[in-house]
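Colleague: Dropping a structure here in structure tokens format, bear with me for questions.
The values are calculated or read from the model by the stated rules, or taken from the named source; none is laboratory data. These numbers were taken from a predicted model, which means no experiment stands behind them. When we count neighbours, we look across all protein chains shown, and the Cβ atoms used for this are built from the backbone with ideal geometry, even at glycine.
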Amino acid sequence: MKQRIDFRDQITRNKRKSVFLMFGVFVILVALGYVISLAFSPAYFFLIMIIAIIFSIGYILISYYNSHAIAIASVKATKAYKDDYKQYHSLVEGLTIASGLPKPELYIMHSKKINAFASGRDPQHAVVCVTEGALEKLDKNELEAVLAHELGHIASYDMRYMTLVAVMVGMVAIISQIFLRSLWFSGGGGNDKGKIIFILIGIVLAIVAPIIVYVVQMSISRKREFVADASAVKFTRYPDGLIRALKKIKGDNAPSEVKVSKAVAPLFISNPFGGLGSTHPPLDKRIEALERM
């Protein structure tokens with residue numbers, strides 16, 4: 001018999017892991033700055049390290065307080081005004097009453113595929129975004145279930161952790177690429193064995209760091225989708241709505257008009273890329289779990 005997950009324990013774990021994540025990314029960014037300073041300009045070691053530390057702290061603070069805005073901007077979503085999307089707002093308002101959560105800001109992603117995601121640092125600063133395809137192809141009960149799933153992520157602080165992972169893995173990847181590209185413009189190590197060693201360390205850091213963070217990203221998201229599905233059933237008292245929605249998502253072959261970053265993929269109710277290495281458990285397994293409720 002599986003041990004039940006206490007919701008409050010999960011929230012505490014997500015908050016704690018968010019802190020560890022930010023600290024870990026800080027260490028990675030400072031380490032990259034350290035290697036770059038020794039590999040290319042030892043004379044400016046302290047200056048480069050100060051810049052790296054200031055940049056790391058600034059980036060982490062900006063990511064924490066603006067993670068939802070970054071996620072929304074990355075998919076070019078627009079605000080869903082109540083006059084234009086009355087049912088969307090009405091369903092979310094009903095679910096916030098059932099869940100006891102404050103109403104998040106609502107957005108629309110301009111894609112014909114059925115999908116949705118939540119983002120933000122806490123329930124008071126959360127956003128929910130659905131695609132045009134979700135609004136067009138899902139009936140009222142199915143759409144309500146999808147929105148309840150996203151509110152489940154918000155209630156458990158999943159969206160904070162997953163959004164921070166998405167934003168920070170993106171930045172680590174960008175910095176790593178900048179470092180690797182900068183090697184082409186470097187004067188090389190010559191006979192300086194120390195410089196060559198630091199360049200090699202830098203290359204390893206630049207390659208391995210994004211891979212490690214992405215592996216962590218995949219492992220956390222797959223487990224949490226089942227919990228968010230269960231939360232959706234708890235809020236709606238109607239598992240069939242989410243079952244039908246997931247079946248429609250599975251059979252949805254509409255092309256994605258919006259280019260989605262792989263770093264943001266774990267936020268969605270269904271992986272926008274699919275295939276191997278998915279950040280989500282198979283839809284069939286999620287449907288099977290819901291059918292047993």
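Colleague: Enumerate the helices (runs of 4 or more DSSP H) found wholly within region 130-247, keeping only those where 3 or more residues are surrounded by 16 or more Cβ atoms within 10 Å (Cβ to Cβ), over 17 Å from the mean Cα position of the chain (by Cα) and modelled with pLDDT of 85 or more.
Modeller: Hits in region 130-247: 132-137, 140-155, 193-236.
Colleague: With polar (S, T, N, Q), in a helix (DSSP H, G or I), at pLDDT 75 or above and surrounded by 13 or more Cβ atoms within 10 Å (Cβ to Cβ) as the only criterion, which of S63, S67, S56 stands out?
Modeller: The match here is S67.
Colleague: Can you pull out the residues in region 260-292 that are at pLDDT 75 or above, over 12 Å from F117 (Cβ atoms) and either exposed (fewer than 13 other Cβ atoms within 10 Å of the Cβ) or not basic (K, R) (or both)?
Modeller: P281, P282, L283, D284, I287, E288, A289, L290, E291, R292, listed by residue number.
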